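To start, the structure under review is shown below, and the notes come after it.
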Amino acid sequence: MPNALGLYSLSEIQDKVRRLVWGEYIGVDPSTGDEIADSTIYDQIISNQDLADQINRQINLLYLEANMLSQDSQISTKYLSVNAYQPSVALPPDMLTLKEMHWKDPNKSNPMPQDWYPMYHLDQSYPAQFGATRAPSWHRDGNAIVFDSQVTQSNPGGIRVRYVQWVRMLVNAGDTLSGQLARVMQEAVIFGTANFVAGTKRGVVSQAVQDGYKTWHDALILAASNTERPEDMQMFNKGLVRRGFSGRFGRRRFRRA
């Protein structure tokens, strides 16, 4: 059964894939309609480890596709510390796409929004520094950023990184998918895995599995394209501006008796 958020565990996803591929015989209690524990007849043609591998492959493929439409639903923010004269800083290991980086004023222990400065990315053969900003420029070196000029003052938590995270893999039997699209993605993962396993292990895929995968794949794309709808978001209070211009209230005219 799914949890309160409608999510299945890895072991439950494996079981649902097996049911779609092999249609196991499962004992049912006629008095309650519930399944009888330990009554499932499993086909041992594929192991739990093989199923977990293919499930995670499907998660990666579907996540990358959905991410094209809904990057903002997976954005995370982390703060990286920099020591004086440190030449480079490692980026978060779970980063898929780097969105932006800001540099904190190292003299501010409780920085305000205006105390964060954009860090400019330069890709040149020689060090450079923007004179109009207080943040050091940088260039990419693998999974790290390298400063184009020497940082002479330590800056604890001084780099604010906003980035798109990689989706979390399902490793343990009780693991569930995470993120805004998890509920619909898990269904696409179940049918996508069943579609692949049936084709590679049995050589035949039922029409029901093919149709189910198409249905839930389309549903995932629909959900991804609707993670944010700015035209439906109330960005201001309509009652603020009653009359006049420039947000000012118009004068009321009173008639003397």
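The values are calculated or read from the model by the stated rules, or taken from the named source; none is laboratory data. Given the structure is predicted, the values throughout are model-derived calculations rather than measurements. Backbone-built Cβ (ideal geometry, glycine too); neighbour counts: all protein chains shown.
Results, tabulated for the structure shown:
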read-out: All positions within region 117-138 that are at pLDDT 90 or above and under 25 Å from the mean Cα position of the chain (by Cα); value: 118, 119
read-out: Residue ranges of strands (runs of 3 or more DSSP E) in region 59-162 with at least 3 members not aromatic (Phe, Trp, Tyr); value: 75-82, 88-90, 95-104, 138-141, 144-147
read-out: Residues of region 72-121 satisfying the condition of being of a type in the set (Phe, Trp, Tyr) and either in contact (Cβ under 8 Å) with a residue 60 or more places away in the chain or on the phi > 0 side of the Ramachandran plot (or both); value: 79, 85
read-out: Scope region 97-119; condition buried (at least 16 other Cβ atoms within 10 Å of the Cβ) and of a type in the set (A, V, I, L, M); matching residues; value: 101, 119
read-out: Options 79, 63, 8: the member that is touching a strand residue (DSSP E or B) at 6+ places or on another chain (Cβ under 6 Å), aromatic (Phe, Trp, Tyr) and at pLDDT 85 or above; value: 79
read-out: Hits in region 167-196 (condition: more than 22 Å from residue 74 (Cα to Cα) and without any contact (Cβ under 8 Å) to a residue 24 or more places away in the chain); value: 195
read-out: Hey, residue 189 in the same structural domain as residue 137 (by TED's automatic domain parsing), surrounded by 20 or more Cβ atoms within 10 Å (Cβ to Cβ) and aliphatic (A, V, I, L, M) or not; value: no
read-out: Criterion violated by residue 180 - all others in (1) crowded, with 18+ Cβ neighbours inside 10 Å; (2) modelled with pLDDT under 95; (3) within 30 Å of residue 226 (Cβ to Cβ) satisfied; value: (1)
